Amino acid sequence: MAKSAPKRINRIDAMFERLRNENRKAFVTFTVASDPSFDESLERLKTFAASGIDLIEIGHPFSDPILDGATIQKANRRALAAGGNLRRTLDLCRAFRETDDRTPLILMGYSNPVITMGYEGFAEAAAEAGIDGLIAADFPLREADDLVKALAKHGLYMIPLAAPTLEARDFAVEKPGIGGFLYCIPVVGPTGGPSASKEVIAQAVERCRRQSSLPIMVGFGVKTPELAADVAKVADGVIVATALIDRFLEFKREQPTDAVFHLHVADTIKSYRDAIDLATLG
Amino acid sequence: MAKSAPKRINRIDAMFERLRNENRKAFVTFTVASDPSFDESLERLKTFAASGIDLIEIGHPFSDPILDGATIQKANRRALAAGGNLRRTLDLCRAFRETDDRTPLILMGYSNPVITMGYEGFAEAAAEAGIDGLIAADFPLREADDLVKALAKHGLYMIPLAAPTLEARDFAVEKPGIGGFLYCIPVVGPTGGPSASKEVIAQAVERCRRQSSLPIMVGFGVKTPELAADVAKVADGVIVATALIDRFLEFKREQPTDAVFHLHVADTIKSYRDAIDLATLG
Amino acid sequence: MARALKVESRPGRYGSFGGQFVAPVLLPVLDRLEAGFRSAWSDPAFHTELTHLLNRFVGRPTPLFDIPAFPSWSGGARIVLKRDDLTFNGGNYANSAVGQCLLARRMGLSAVVTDTGSGQNGIATAAVAARFGMRCTIYMGARDAAAQPQACKKMRLFGAKLEIVEDADRALSSATSAAIRHWMGNSDTDAYVAGAPIGPHPYPEMVAAFQQVIGKETRLQLVEGGVLPSAVLSAVGGGSSTIGLFSSFVSDPSIRLIAVEAAGSGEAGAPNSARLSQGRRGIFHGAETLVLADAEGQILAANSIAPGLAYPGSAPQLADLVSRGRVETMTATDAEAQRAVRRLAETEGVLICLEAGHALAAAEHVARTMEPHEAVVVMTPSSGDKDIDILWQDS
Amino acid sequence: MARALKVESRPGRYGSFGGQFVAPVLLPVLDRLEAGFRSAWSDPAFHTELTHLLNRFVGRPTPLFDIPAFPSWSGGARIVLKRDDLTFNGGNYANSAVGQCLLARRMGLSAVVTDTGSGQNGIATAAVAARFGMRCTIYMGARDAAAQPQACKKMRLFGAKLEIVEDADRALSSATSAAIRHWMGNSDTDAYVAGAPIGPHPYPEMVAAFQQVIGKETRLQLVEGGVLPSAVLSAVGGGSSTIGLFSSFVSDPSIRLIAVEAAGSGEAGAPNSARLSQGRRGIFHGAETLVLADAEGQILAANSIAPGLAYPGSAPQLADLVSRGRVETMTATDAEAQRAVRRLAETEGVLICLEAGHALAAAEHVARTMEPHEAVVVMTPSSGDKDIDILWQDS
Ligand SMILES: Cc1ncc(COP(=O)(O)O)c(C=O)c1O
Ligand SMILES: Cc1ncc(COP(=O)(O)O)c(C=O)c1O
């Protein structure tokens, strides 16, 4: 197994640099590691990268995904049943890095597995596995001093989350180890909830821009290529999670062959990709 | 319907006078009026008198025969279902008197129907129906001044109940309207309960004799001709209720013709009668 | 002080009501009990122990509670609840069970026997007997037992011997009959524990004495709050909470005392439980009192959605107080009681029993006609938990 | 005074435990809540109203109770029960539900949301919300709801909207998750009511503050009786009654504080609920604390015959007090707890819940080693009525 040497430039920064040059916006999705199995998860990561995803958020499975909606709760349960956990998620990223050293990988999930591994041990292992950043569902910056220090030491970013009601001190913090992009959540509520209107999204992005110099990506509630396109017009990237997971599950129900399934996945990704590119390149 | 004229001498006193002359003891039973129907009740009274019963206690049906055992509770319920009540019980006695003016009839039961009729009204109607006395299950002498006065006025007796634990003031009361005999209950407990030994019965009778000059009859728990005979040796009479009711119910279950049933009843009564006479005349 | 409610014409009588209409064999037992009670009641040590138990075992005093959001009108007197549902095992039966068991122990008896319908009196008696290390036998009709499996288990957990009665109506009346018969056969060791101030003397006086704590507490709590009530209402079942509450107000003629009876469906001729207002003078369960009976003196089945009110007899003190005009009567129907209980739950977060719902429904009518500075007290003898299935029917 | 148990290293921390490990969107909500709580807690009018409600609505103070016949030995310290089972709706949840709803109303919120497992927290919250005329949404797992039909009806009678959660384990954990998500989406109108001093700051501090009334009452009642206890024991579920009771004794080093945890079957390796004595440091339900988790940080299912103790997290204050050695831990098995509850019922006529049975079983061991003039306090947070089917199985 080839080990990727630590990078000087974080892949997330590199990605935004490249996209800026191409005048394009980032398209991001989320998948839970080991849902439904380690091998299929790995295949999906490759399909994502191959069909136009710029950055992948990888959920590390947790027993109590309390802040998520039903879709992602169930994905967590399938992944746990397949033997998934934080350590296996790192294995997955390491395996992905054997063929892809460019697509940024961001770990996303709950804090207990992270604190259990220890902040320093976690940061070191994550960097070694080729991970570029961390989104912690239940780990606000005001609690994260020690974790952020460990991340900084190993060249990883903690990605700040910004909600409309959040005060600047809780997301616009400049500190080594905090960066990558600002994850802008335009609606209050769990994952898989209702969509915000494009006006509301634009306002939320506008507010983020006033407070932070980081690139802004918008997630939560983006459910169609059309909305993704609208989001891309105002933000630097768009994140689609629940809508894609639900869509892929639907495909699966028809019991396609692996090849057919991955074609479907690629097509779906591309429909979003094209909508985004059309709206922003045009 | 022929009305019996009020008697000068109470039939109970007359009975004991006669029995004393014959050197015999009284044999008494109990039946609930209208159990299982008015007509059959009347037939039974006649069969009783014809086969050796000296005195009949007639239960007037009550909805809540709280002091009785299961056998007599059920008899009350059958009687109520057949339309029985205090007024119908008086009708029954009146009908019996058309053919028998000698056998003393004693009403037995609970006080509520009596107070509802009114003491004076009740005493007048009872006397008119040919009744000679009253045993009230829940009407101790200490509560009965008004009732006893009314009974006295119409030539009826309230029969005092005596239990081993009872103080003399509660049964050995001399007053017009109290008399007939002393009902000696040798065991404490509801009807249909366990039998007392003949020694215990003898002691109870002995105690009653010391306190009262009335004839002594023993009831509660006499269940066999043998025990009846033993009782008759020490008392002036013996009362058998539950045992006979149970026995008659058993006959009934074999669905005999009326004639066969009444033969059975007569035979059973006679077996007690003979045992008593044999023990006391011998 | 036990005699607050006694206007005796002769011993054991309240006016012309009361007495000892029992099998004569019980007379010496009742005489001993009366002597035992008089001796205990005049013994300060007995009161000290009783009070200690009421506080540290039963969980008294129980609170008074305001329900400002309940009335459907504005203005009118405020309504105050006396919450005896907040005692151990949830109800006022405990008051007299403690008193009677304490007395039985003092008289050298080693066991108690009682009857129970809903299980409340049985649970209270079983708990107290356990505490005193006394044997406890409880009779319960088979039909009632089948309807209240939890209550049965609870009595057994307290170590009581539960006897299921298959006789007759398989309900309270056969249980009472069985318990009395057990007592008749075992009166040298067993005390009969009465759940209500009914039955032969001295039971009415004794149970009333042990329940007086309700009225005393209420009066004290009201006086501390600077009010005396204009009316005091209680729904009448056996009458234990009614007598207990009224006892401290009966000698104050400016305070209306209102006994609320169950009108059942309220339809003319349908069975109800209104024996104080519509009953006849009769002799029932050991006393001369007002009863539901037909013209022949047969006892009528009482009916109410509130099982605790469906009793055809009445406490002789209450019969007397009603006859003398000191206690008024009102009725409430099944539907009115249910509505009152539901509205109280929704507006105040308090779930009272359907029995108390009758008093609350009546209290609303009474309070409406009064001034805002006035107060009306409503007795809540036990919690509505037992009535949840009646009150909320999933469609 | 809310700070009795706080040894803060930084805001919202108890030693190294506590914090606010939540979705960032909740931070402003928590900040507002903290400010609202501080303002209310320093306002005498708030305390006056709170005390009035605790007395006249919840039914406080609850009694202390001696159980002289319970111990299986003679000599040793006496055991005293603090009987919070004698509040309205039977339990100590009411203390903090009243406080939190009062606070929510003061902060201008119009609704409350909470989760419930056994139904106790839901019933308490629904009752208080009804009293305050606030909308109330309660999430309950479908499995729990099926097991507790009476509790469901009771919440609905109090006008609460009961949402049955079919997700995941269909039990408390999915209910909590659903309630938190409801709150995240409605935090401008709805307050989340916590049943225990767990979750992100300021919940632990706030719930502890509202539960302190238990400890204050107990201390006062003991002092009135001329004793100070040698040990105070409480079984730990969410920790609300434990913190509430310990709060008044924590600064008195001569008094042993013992948190009793459920050992489940007691077999080595079998699931239990002993996270204070055997758990790992972790982040769970919004706080850094001691949790039952595997080596990968996955939360383990807790197990106990007492549903209220089977929680894999712990109150951060307790985690700190245990880490600092101020609070000792003991465990009791399912069988030991059952035996203690049964024996108490038989010998004293008091039916406590299986949760409290754990503390009682431990207390017997502790009291046995002490002198007769000493006293040991055992918390009884709710009645054993809910456990009757476990405790008495008809054969
Ligand atoms: C755990 C989790 N939930 C949700 C989302 C996105 O929200 P939604 O699924 O509503 O689009 C993400 C995306 O990053 C995620 O990581
Ligand atoms: C109502 C009643 N029960 C019982 C008895 C007699 O008792 P036992 O049936 O136990 O012989 C009688 C006899 O007079 C009676 O009238």
Just to be sure I understand: with springs between alpha-carbon atoms less than 10 Å apart, which residue in C:Asn89, C:Asn272, C:Asn186 has the highest mean-square fluctuation in the Gaussian network model of chain C?
C:Asn186
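Over chain D, what is the relative contact order in whole percent, taking alpha-carbon pairs under 8 Å and six or more residues apart?
Details: 875 pairs, mean separation 79.5, N = 395.
Worked out over chain D, it gives 20 percent.
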Which one, C:Gln211, C:Gln120, C:Gln278, has the greatest fluctuation when you compute a Gaussian network model over chain C with C-alpha springs under 10 angstrom?
C:Gln278
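Can you list which of the DSSP-assigned H helices in chain C have a Cα extent of 15 Å or more along the long axis and an average Kyte-Doolittle score of at least 0.5?
Taking the DSSP H segments of chain C (at least 15 Å long, mean hydropathy at least 0.5), we get C:120-132.
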Rounded to 0.05, the calculated FRET efficiency for the beta carbons of A:Glu17 and A:Asp100 at R₀ = 25 Å is 0.90
Enumerate the residues in the stretch B:97-123 having an amide nitrogen under 12 Å from the point lying 7 Å beyond the Cα of B:Arg87 toward its Cβ.
B:117
Residue-averaged [θ]222 nm for chain B, counting only DSSP H segments that reach four residues, each worth -39500 (n - 2.57):
-15000 deg cm²/dmol
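In whole percent, what relative contact order does the stretch C:123-265 give with Cα contacts below 8 Å and a gap of six or more residues? Show your work: numbers first, answer last.
Details: 187 pairs, mean separation 24.2, N = 143.
That works out to 17 percent.
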For the stretch A:11-281, what is the relative contact order in percent, using Cα pairs closer than 8 Å and at least 6 residues apart in sequence?
20
With a sphere of radius 12 Å drawn around the Cβ of B:Pro113, what net charge do the other residues whose Cβ falls strictly inside it have (Lys, Arg +1; Asp, Glu -1)?
-1
Would you mind ranking D:Met107, C:Met330 by Cβ crowding within 10 Å, fewest neighbours first?
D:Met107, C:Met330
From the helices alone, meaning DSSP H stretches of at least four residues, give me the mean residue ellipticity at 222 nm for chain C, per-run term -39500 (n - 2.57), in deg cm²/dmol to the nearest 500.
-12000 deg cm²/dmol
Classified through the alpha carbon gyration tensor (a ≥ b ≥ c as square roots of its eigenvalues; rounded if a/c is under 1.5, else prolate when a/b is larger than b/c, else oblate), the stretch B:11-281 comes out rounded
Post the alpha-carbon centroid distance, the stretch B:148-203 to the stretch A:50-90, in whole angstrom.
90
With a ≥ b ≥ c from the Cα gyration tensor eigenvalues, square-rooted, and the rule rounded for a/c under 1.5, otherwise prolate when a/b > b/c and oblate otherwise, chain C is rounded
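How about the stretch C:263-324: which GluC sites (Glu not before Pro) there are in a DSSP loop, with at most 14 other Cβ atoms within 10 Å of their Cβ? Working shown, then result.
Numbers: sites: C:Glu267, C:Glu288, C:Glu296; in loops: C:Glu267, C:Glu296.
Within the stretch C:263-324, the qualifying GluC sites (Glu not before Pro) (loop, at most 14 other Cβ atoms within 10 Å) are C:Glu267.
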So in the protein assembly as shown, what percent of DSSP beta bridges are antiparallel if you round to the nearest 5?
20
Give a residue-ordered list of calculated ³J(HN,Hα) values for the stretch B:206-215 (Karplus: 6.51 cos²θ - 1.76 cosθ + 1.60, θ = phi - 60°; whole Hz; x for Gly, Pro).
4, 4, 4, 4, 5, 9, 9, 9, 6, x
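Longest exposed-loop-site-free stretch of chain D, with trypsin sites (Lys or Arg not before Pro), DSSP loop and at most 12 other Cβ within 10 Å? Before the final figure, lay out each step's value.
Numbers: sites that count: D:Arg3, D:Arg324.
My reading of the result: D:4-323 is the longest stretch.
Which of the trypsin sites (Lys or Arg not before Pro) found in the stretch B:39-117 are loop residues per DSSP with 11 or fewer other Cβ atoms within 10 Å of their Cβ? Don't skip to the end; give the middle numbers.
Numbers: sites: B:Arg44, B:Lys46, B:Lys74, B:Arg77, B:Arg78, B:Arg87, B:Arg88, B:Arg94, B:Arg97, B:Arg102; in loops: B:Arg102.
Listed in order of number, the matching sites are B:Arg102.
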Summed side-chain charge close to D:Pro71 - residues other than D:Pro71 whose Cβ falls under 12 Å, Lys, Arg +1, Asp, Glu -1
0
Estimate the FRET efficiency between C:Ala111 and D:Ala69 by the formula 1/(1 + (r/R0)^6), using the beta-carbon distance for r and 25 Å for R0, to the nearest 0.05.
0.90
When a/c is below 1.5 the answer is rounded, else prolate if a/b is larger than b/c, else oblate, so apply that to the stretch C:184-304 with a ≥ b ≥ c taken from the square roots of the Cα gyration tensor eigenvalues.
oblate
Within the stretch B:191-215, whose backbone N sits under 17 Å from a point 7 Å along Cα→Cβ of B:Ala168?
B:204-215
Spelling out what I want: for every residue of the stretch A:36-41, take phi, set θ = phi - 60°, compute 6.51 cos²θ - 1.76 cosθ + 1.60 (Karplus), and round to whole Hz; glycine and proline get x.
x, 7, 4, 5, 5, 4
Would you mind computing, in nm to one decimal, how far apart the modelled labels at A:Asp267 and C:Val227 are, each placed 7 Å from Cα along Cα→Cβ?
7.5
Anyone know which of A:Asp246, A:Asp258, A:Asp91 comes out most mobile in the 10 Å Cα GNM of chain A?
A:Asp258
Got a sec to turn the phi values of the stretch C:237-244 into Karplus ³J(HN,Hα) couplings, 6.51 cos²θ - 1.76 cosθ + 1.60 with θ = phi - 60°, whole Hz, x for Gly and Pro?
x, x, x, 5, 6, 5, 4, x
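Which GluC sites (Glu not before Pro) from the stretch B:115-221 combine a DSSP loop assignment with at most 10 other Cβ atoms within 10 Å?
Numbers: sites: B:Glu120, B:Glu124, B:Glu128, B:Glu143, B:Glu167, B:Glu174, B:Glu199, B:Glu206; in loops: B:Glu167, B:Glu174.
Answer by residue number: B:Glu174.
Every read-out reported here was derived from the displayed coordinates using simple, explicitly stated rules and does not represent laboratory data. Given the structure is predicted, the values throughout are model-derived calculations rather than measurements. Virtual Cβ from ideal backbone geometry, glycine too; neighbours counted across all protein chains shown.
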